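Below: the structure, in structure tokens.
Just so it is clear, none of the values below were taken in a lab; they were calculated from the coordinates. The shown structure was predicted, so the numbers you read here are calculated from the model rather than taken from an experiment. Cβ: placed from backbone, ideal geometry, glycine included. Neighbour counts: every protein chain shown.
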Amino acid sequence: MGIGARIIPLLLAGMLPAAAVLAATPGAETACSPLAAVSGLRDAGVTSLSMQPRDGRCVVEVIAADGKALRRQQQLLVVLAQQACAAPAEVTVDEARVSLQLRLPKHCAARSSRDLFAGEGVPWTLPRGKLPRYPREAMEQGLSGRSLLKALIDAQGTVAAVVVERSSGHALLDEAAVDELRGWRFIRTDTKGTAPELSIARVPMRYELVE
């Protein structure tokens, strides 16, 4: 009997309410308040992530195990900073150390008024007709596993950034799952009310080889 393969995408527990994932909206007294959510949105390949105020600005320092994990974390941080502050952050990447430093603008709207994850979870569903691809190289190597991803979804259902929350144990499968998810557009099952600027979803991708 020949060997086949399948990939099983599943939106885990729907959209998670903001209160279940993020800390309470922080006060305006600290420069790093706009990025209070970051500790819960850390990529599995990031070995160190720290935040501290310097000269009235929040400085985030990230060290990762590899360049792909660093780029995933960078994209997420840039999206959060842009949404929170309505202005771009400054990012310096050190490829030799596989690290980066991100600095928020001194004047950030989130310190006084902006709430990125307002309200309860939004009922998103996976896009219809999507058939994720099993990476050929992974099939040839006999790789299987389950990657648990966290996605930032904007008000239109577009995936703005993705990090790996829990690795499948194979970088090849993790990266394939991330690339797949980035191209998806989620659909709201309940269109009443206004979606928040950003929502968080956990999306497991399970790769299986079957006979």
Practice task
For the range 147-190, give the magnitude of the charge dipole about the Cα centre (Cβ charges: +1 Lys/Arg, -1 Asp/Glu; no others), in debye to the nearest 20.
Solution key: 100 debye
Fill in the blank from the handout: Under the Karplus relation with 6.51, -1.76 and 1.60 and θ = phi - 60°, whole-Hz ³J(HN,Hα) for the range 45-51, x at Gly and Pro, equal x, 8, 8, 8, 9, 9, 9
Exercise for the section: Note down the nm distance, to one decimal, between modelled labels 7 Å out along Cα→Cβ at residue 54 and at residue 175. Expected result: 3.0 nm
Practice task
Grab the other residues whose beta carbon is less than 11 angstrom from that of residue 154, score K and R as +1, D and E as -1, and report the net.
Solution key: 0
Practice task
For the range 56-75 and the range 136-211, write down the distance between their C-alpha centroids in whole Å.
Solution key: 20 Å
Completion exercise
Computed over the range 142-184, the convex hull of the Cα set has an average projected area, in nm², of 2.8 nm²
Problem - Residues listed by number, the range 166-184, amide nitrogen under 14 Å from residue 65 label point at 7 Å toward C-beta - result: 166-175
